[in-house]
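K.L.:
Once you've had a glance at the structure underneath, I'll fire off some questions.
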Amino acid sequence: MSGRRVAAISRRILSQFRRDHRTVALLFVVPVLVTGLLGWIVTESHAVPPRVGTVILSPLLAGRVEDAFAAADTDGAIDYVGRADSEDAARRLLRDDDIDVALVVPAGIQADILAGRRPTLTIITQGIDTVGDGGAAVAVQRVVATAIGTGTGGAIVPAFERETVYGSPDATQLDALGPIFLGFFAYFFVFLLTGVSFLRERTGGTLERLLATPVGKAEIVIGYVAGFGILATIQVIVLLTFSLADVQVAALGPLPAFSLGLGVANAGSPLLVFAIVLLLAIGAVNLGIMLSTFARTELQVIQFIPIVIVPQGLLGGLIWPVESLPDVLQPIARILPLTYGIEGLRGVLVRGAGLDDPTLQVDLAVLAGVAILVALLATRTIRREVA
Amino acid sequence: MDAAVEAIGLTKRFGALTAVDEVDLALAPGRIYGLLGPNGSGKTTLIRLLTGLARPTAGEARVLGHRMPSQAGLASIGYMTQADGIYPELSVLENIRFFAALYGTTERAALTAALELVELADRAGTPVFELSGGLRRRLSLACALVHRPPVLFLDEPTVGIDPALRVQFWSHFRDLAASGTTLLVTSHVMDEADRCDELLLVLAGRVIEHGTSAEIRARVGADSLEAAFLAVSAGNRGR
């Protein structure tokens, strides 16, 4: 063991990095930026108070319940939208995204209380964001407890039944997250794969050779999109099948019974899910081609992940809903393709949105627009002039 | 006879550096031209201008009368780059089929002929990453000529290959020229230069001598091409 030789090796490593400014930036600047962004989102995200509507079928309690919700609205705990005439009307409001949660107070509640029975109230949520729904339901329960509790000596604790407009109240986090990760992983892997492939094309001399043939730049880009599009298609079929399937396999000898697939609930058309992921993937192919211009090595393509992929993961609604992001970051989230991909996937899988759904139309249009825009930019980065 | 390859006042500047300086050329069909010059003299830039890969700052390049880069011009050239420029994950046949398809050549006979020319027919199914450097060079050549182009640009085709294969390559080049193909070959090796029909000596982006090996030696008064080359370079530097 020679200290001098060891020192020579470590000195050489440091010298190499001195000339690779991008890797130095990746080591010291990017983590600070990404952590800063994360901190910003976590501390500044404002929990948006849930928009509440009520359906009060017991006229005797109406005034007291409405007063309690109005007071909670003033406190800022909830955003009280008002009283609907019927449960159907409330469900319509939920479906149109005019309210996040509806409380149904049954006609027989007064009789239940007088008879000493435990009254049951119904809380209906949209069922799209399981975590958000849970928070909204708790906020409503708290207001109801004040309204009924104070008026009846505090002895009566009402029971709550949960219902949802979409999906089921028993939906797990997996049902909410499954569709999102489907889009995220397709986007991420296709970007990485194309970036590295095209970088090899640039550095291996094959691009130079291609450009000395009659092939046009647009032909190269479209060829890449078609080729990787087929790969992405297979990837989505595999991922989608695994996510949606729930095949019970019986116990066999020493093997216990188990289930194949995640069994994520799907309310919409698998073909639409497919279209969204494919549009995301096409955008990712072109982004990979475009950014490969700015990389000299495969390591440098990988270095684009914290710059291109991670911020989209943080801002795109993967974990925190876009509406709860700090005000400055919301417009940024609204220009990222992944935001629309996630919104679209949620729309189809959870709400069962079809092509006539205006939100989904916007999502698909934005994704297609971004894919075309990045394709044009990618074509511009392929130049005969390399020197 | 019309020139197969022409350069008219062809110039390429990178900022303050002039890589190719007002080059005028007219290469006749069916001949082998050797492009000689020290490292950094502008040989590769000149080839890239002639193939349309680089855009000239001034002047123009023409192949078979087509101004480069044009579809018709690009369809009539084959280009073997300094890097192999082939796909390691594909087999020998898949590589050659791919490049042939870009020119619209699909018939099996053309692919087989190109593979036989470089003696790779028995390795058609082998993935390129399993091939030695010399075999890759052969495949690279086959990919450049599978569509039987009338004009071939070969940038240092024999770098890194053994003397026996080099002799084979030159015999192929001679056959191609005999069938009417025009070849422009860059090289550092002087005994290769002697195999060319005509030589172009490039220095600092300019063609300073053009003629047969014997003509250049006689003009400079040197008994070997190497001596002539050194004398011409020195004389030019001194000017």
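The values are calculated or read from the model by the stated rules, or taken from the named source; none is laboratory data. Remember, predicted model here, so these are calculated numbers, not experimental data. Neighbour counts are summed over all protein chains in view; Cβ atoms, including those assigned to glycine, are modelled from backbone coordinates with ideal geometry.
K.L.:
Within the range B:4-42, how many residues are among the aliphatic types (A, V, I, L, M) and within 16 Å of the chain's Cα centre (by Cα)?
P.N.:
So the count comes out to 10.
To keep it simple, each residue is scored yes or no on (1) in contact (Cβ under 8 Å) with a residue 24 or more places away in the chain; (2) out of contact with any Asp or Glu (no Cβ under 7 Å at 6 or more places or on another chain); (3) more than 10 Å from every other protein chain (Cβ to nearest Cβ).
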residue: B:Ala26; (1), (2), (3): no, no, yes
residue: B:Gly37; (1), (2), (3): yes, yes, yes
residue: B:Ser41; (1), (2), (3): yes, yes, yes
residue: B:Leu46; (1), (2), (3): yes, yes, yes
residue: B:Ala54; (1), (2), (3): yes, no, no
residue: B:His66; (1), (2), (3): no, yes, yes
residue: B:Gly78; (1), (2), (3): yes, yes, no
residue: B:Gln82; (1), (2), (3): yes, no, no
residue: B:Gly85; (1), (2), (3): yes, no, no
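K.L.:
Taking only the range A:205-262 into account, find how many residues are more than 31 Å from the chain's Cα centre (by Cα) and within 25 Å of B:Pro149 (Cβ to Cβ).
P.N.:
Number of matching residues: 16.
K.L.:
Report yes if B:Gly160 is surrounded by fewer than 19 Cβ atoms within 10 Å (Cβ to Cβ), in contact (Cβ under 8 Å) with a residue 40 or more places away in the chain, small (Gly, Ala, Ser) and out of contact with any strand residue (DSSP E or B) (no Cβ under 8 Å at 6 or more places or on another chain), otherwise no.
P.N.:
When the stated conditions are applied, B:Gly160 does not pass them.
K.L.:
How many residues does the range A:213-225 hold that are in a helix (DSSP H, G or I) and within 11 Å of chain B (Cβ to nearest Cβ)?
P.N.:
Here the count works out to 3.
K.L.:
Check A:Leu37 against each of (1) assigned by TED's automatic domain parsing to the domain that holds A:Gly82; (2) at pLDDT 85 or above and name the one condition it does not meet.
P.N.:
Of everything listed in (1) assigned by TED's automatic domain parsing to the domain that holds A:Gly82; (2) at pLDDT 85 or above, A:Leu37 misses just condition (1).
K.L.:
Do we find a residue being touching a Pro at 6+ places or on another chain (Cβ under 9 Å) and within 14 Å of another protein chain (Cβ to nearest Cβ) anywhere in the range A:226-237?
P.N.:
No, the range A:226-237 contains no residue that is touching a Pro at 6+ places or on another chain (Cβ under 9 Å) and within 14 Å of another protein chain (Cβ to nearest Cβ).
K.L.:
Mind checking which strands (runs of 3 or more DSSP E) fall wholly inside the range A:1-106 and carry at least 1 residues that are out of contact with any strand residue (DSSP E or B) (no Cβ under 6 Å at 6 or more places or on another chain)?
P.N.:
Fully inside the range A:1-106 and qualifying: A:79-83.
K.L.:
Answer yes or no: is there a residue in the range A:334-353 that is part of a helix (DSSP H, G or I), more than 14 Å from chain B (Cβ to nearest Cβ) and surrounded by fewer than 19 Cβ atoms within 10 Å (Cβ to Cβ).
P.N.:
no
K.L.:
Scan the range A:209-238 residue by residue and report those that are crowded, with 21+ Cβ neighbours inside 10 Å and in contact (Cβ under 8 Å) with a residue 12 or more places away in the chain.
P.N.:
Listed by number, the residues that qualify are A:Leu211, A:Val221, A:Tyr224, A:Val225, A:Phe228, A:Ala232, A:Val236.
K.L.:
Now for a different question. Return the pair list, or none, for Cβ contacts closer than 8 Å from residues in the range B:116-133 that are under 12 Å from B:Leu90 (Cβ atoms) and in the same structural domain as B:Leu176 (by TED's automatic domain parsing) to residues that are at pLDDT 90 or above and of a type outside the set (Ser, Thr, Tyr), at least 6 apart or on different chains.
P.N.:
none
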